[in-house]
1. If I go through the range 46-85 residue by residue, how many of them are under 30 Å from Arg36 (Cβ atoms) and not in a helix (DSSP H, G or I)?
2. Could you look through the range 5-16, keep only residues that are in contact with a Leu (Cβ under 8 Å, 6 or more places away or on another chain) and part of a helix (DSSP H, G or I), and pick out the one that is nearest to Asp40 (Cα to Cα)?
3. Does the range 35-43 contain at least one residue that is surrounded by 10 or more Cβ atoms within 10 Å (Cβ to Cβ) and either of a type in the set (Val, Ile, Thr) or in a helix (DSSP H, G or I) (or both)?
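Rule-based calculations on the coordinates, nothing more; no lab input. What you see is a predicted model, and the numbers here were worked out from it, not measured in a lab. Cβ placement follows ideal geometry from the backbone for every residue including glycine, while neighbour counts extend to all protein chains displayed.
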Amino acid sequence: MELVKASSKTVAGVARDLKANVTTLSNWGKVDRAERGVPDETGLLPSTAAERAQLIALRRENAELRTERQILRRAPVFFAKESNR
């Protein structure tokens with residue numbers, strides 16, 4: 001992205017010079033801006049790589065906790081049936 005900033009060329013022009021995909025170079029620019037805390041076109045701050053990794057870990061933990069909660073909800077019924085035998 002430094003090449004785009006330093007030159008008067010567009011992202012497409014720099015991508016053409018580097019023989020790189022325009023979308024890839026554009027995505028790298030988005031990641032760079034997110035890591036620096038620059039708002040996107042909507043005015044919102046995009047999530048950083050660390051935030052995305054944390055979100056994935058939290059979603060995984062949330063799913064695990066839901067499963068555990070379902071098991072614990074069913075346990076009293078199971079043990080009540082077992083004690084009646």
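1. Filtering the range 46-85 for residues under 30 Å from Arg36 (Cβ atoms) gives 46-62.
Restricting the remaining residues to those that are not in a helix (DSSP H, G or I) gives 46-48.
Final tally of qualifying residues: 3.
2. Here is the first cut: in the range 5-16, the residues in contact with a Leu (Cβ under 8 Å, 6 or more places away or on another chain) are 9, 11, 14-15.
Retained after the next criterion (residues that are part of a helix (DSSP H, G or I)): 11, 14-15.
On the way: Val11: 16, Val14: 21, Ala15: 21 Å.
Filtering the range 5-16 for residues that are in contact with a Leu (Cβ under 8 Å, 6 or more places away or on another chain) and part of a helix (DSSP H, G or I), the one nearest to Asp40 (Cα to Cα) comes out as Val11.
3. As a first pass, look at the range 35-43 and keep what is surrounded by 10 or more Cβ atoms within 10 Å (Cβ to Cβ): 35, 38-40.
Then drop every residue that is not either of a type in the set (Val, Ile, Thr) or in a helix (DSSP H, G or I) (or both), which leaves 35, 38.
Checking the range 35-43: at least one residue is surrounded by 10 or more Cβ atoms within 10 Å (Cβ to Cβ) and either of a type in the set (Val, Ile, Thr) or in a helix (DSSP H, G or I) (or both).
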